[in-house]
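Student: Input: one structure, supplied below.
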Amino acid sequence: MTTVTLPGVYTPQDDTDMLVRCLRDELLPQHAAVLDVGTGTGAVALAAARLGARVTAIDISWRAALNAKVNALLARLPIRVERGDLLAPVSGRSFDLILSNPPYVPAPTTACPRRGVARAWDAGHDGRLVLDRICQDAPGLLKPGGVLLVVQSALSGPEESLRRLRTTGLRAEIVEHRCVAFGPVLRSRRGWLRDQGLIEGDAEKEELVIIRAVRLG
C-alpha cells in the first residue's frame, strides 16, 4: 500500500511497527471506535482502519494532519483527522481503543519544541512532558473495557507510566519489549544522557516498550 511521508513529519520506525503489531493482537468489537494520538503520517490509524475500526487521528502539527489525510485518501480509508493538542479535539467522546506513539525522548531543553520535526520526539529532561498528560487524560476517554496502547522508551520511565495509569484505576502492564540501535538523535546526545544517569558508558541501544492499560468495569 502506497504511503507518503511529507518533509517535517516523523517517519514511521520501530516504535510505529511495535504499536501496529500490538494493535493487531487486540480483539476489537465490530466497528470499534479507535483514537490515534500523535498520528504523524497516519500509519497506525491506517492499520486500525484496515481492521474495520472507526478511526479518529489527531496531531498538533498541521503537516502531520495533512500527511495523514493524504495517506487516508491514497488508501481509500475513511479516517477522521483532527489537528489539535493531544486529546483536546475529542473531549467528551469515548473510545474502545486509544493508541499513541508520543514524543518521549529525553532532551536538554525543558519544554517541548513549538515547531520543527523535533517536536515529534523531544519531551523535556525526563522525556515525560507528553506521556504524563496522556496517562492523566486518556483513561477518561476509554469505554468500560477499553484499552490504551502507548509506546515509549525505557529512558523515559515506563514504571512511572504504569504507576500513573494504575492511579486512575486502569490495569496496566508492559506487554512488549524491543531493543533498537540508537538513531541520530540519541547518538548526538549520548554524552548528555550519560551525564543525566540515563545511560551507562558508550551505550548504543535503547529499549522500547508497549504499555497496555485496560479500563475495568
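Nothing in this text is a laboratory measurement; each read-out follows from the coordinates by a stated rule. Everything numeric here is computed off the predicted structure, so don't read it as measured data. FYI the Cβ positions are ideal-geometry reconstructions off the backbone, even for glycines, and counts take in every protein chain you see.
Student: Per-residue HN-Hα couplings for the stretch 133-145, Karplus 6.51 cos²θ - 1.76 cosθ + 1.60 at θ = phi - 60°, whole Hz, x for Gly and Pro?
Tutor: Once θ is set to phi - 60°, the couplings for the stretch 133-145 become 5, 5, 4, 7, 9, 5, x, x, 9, 8, 6, x, x Hz.
Student: Using unit Cβ charges (K, R positive; D, E negative) and no other charged atoms, how large, in debye to the nearest 20, is the dipole of the stretch 14-215 about its Cα centre?
Tutor: 720 debye
Student: Normalising by the residue count of the stretch 26-94, find the relative contact order in percent from Cα pairs under 8 Å and 6+ residues apart.
Tutor: 32 percent
Student: Now for a separate question. For the chain, which span is the longest to avoid every loop-located (per DSSP) member of trypsin sites (Lys or Arg not before Pro) having at most 13 other Cβ atoms inside 10 Å? If you can, show how the numbers build up before the last one.
Tutor: Working: sites that count: ARG76, ARG93, ARG114, ARG115.
For trypsin sites (Lys or Arg not before Pro) (loop position, at most 13 other Cβ atoms within 10 Å), the longest site-free span of the chain is 116-217.
Student: Once phi is turned into θ = phi - 60°, what whole-Hz ³J(HN,Hα) does the Karplus curve with 6.51, -1.76 and 1.60 give for every residue of the stretch 159-166, x standing for Gly and Pro?
Tutor: Along the stretch 159-166, the couplings run 5, 5, 4, 4, 4, 5, 5, 5 Hz.
Student: Can you sort TRP121, TRP192 so the residue with the fewest Cβ neighbours within 10 Å comes first?
Tutor: TRP192, TRP121
Student: Using a ≥ b ≥ c from the Cα gyration tensor of the stretch 50-168 (square roots of the eigenvalues), is it rounded, prolate or oblate, where a/c under 1.5 gives rounded and otherwise the larger of a/b and b/c decides, a/b for prolate?
Tutor: Oblate, because a/c is 1.5 or more while a/b does not exceed b/c.
Student: Amide H neighbours of LEU142 under 5 Å, counting only residues 5+ apart in sequence or on other chains, H built in-plane at 1.01 Å?
Tutor: Here PHE95 satisfy the definition.
Student: Further question: Quick one: grab the alpha carbon gyration tensor of the stretch 8-63, order the square roots of its eigenvalues as a ≥ b ≥ c, and give me rounded if a/c is under 1.5, else prolate or oblate depending on whether a/b is larger than b/c.
Tutor: Taking the square roots of the gyration eigenvalues as a ≥ b ≥ c, the stretch 8-63 is oblate.
Student: Using Cα atoms only, what is the angle between the long axis of helix 14-25 and the major principal axis of the chain, expressed in degrees (0 to 90) to the nearest 10?
Tutor: That helix lies at roughly 40 degrees to the long axis.
Student: Expressed as a rounded percentage, what relative contact order does the chain have, with Cα pairs under 8 Å and six or more residues apart?
Tutor: Relative contact order of the chain: 19 percent.
Student: While we're looking at this one, here's another question. Could you tell me how many degrees, from 0 to 90 and to the nearest 10, lie between the Cα long axis of helix 62-75 and the main elongation axis, the longest principal axis, of the Cα atoms of the chain?
Tutor: 50 degrees
Student: Could you compute the longest span of the chain free of GluC sites (Glu not before Pro) located in DSSP loops and having at most 13 other Cβ atoms within 10 Å, not counting the site residues?
Tutor: The answer is 1-199.
Student: Let me ask something additional. Tell me, what HN-Hα J-couplings in whole Hz come from the Karplus equation 6.51 cos²θ - 1.76 cosθ + 1.60 at θ = phi - 60° for each residue of the stretch 44-57, using x for Gly and Pro?
Tutor: Rounded to whole hertz, the list is 6, 4, 4, 4, 5, 5, 5, 8, x, 7, 8, 10, 10, 10.
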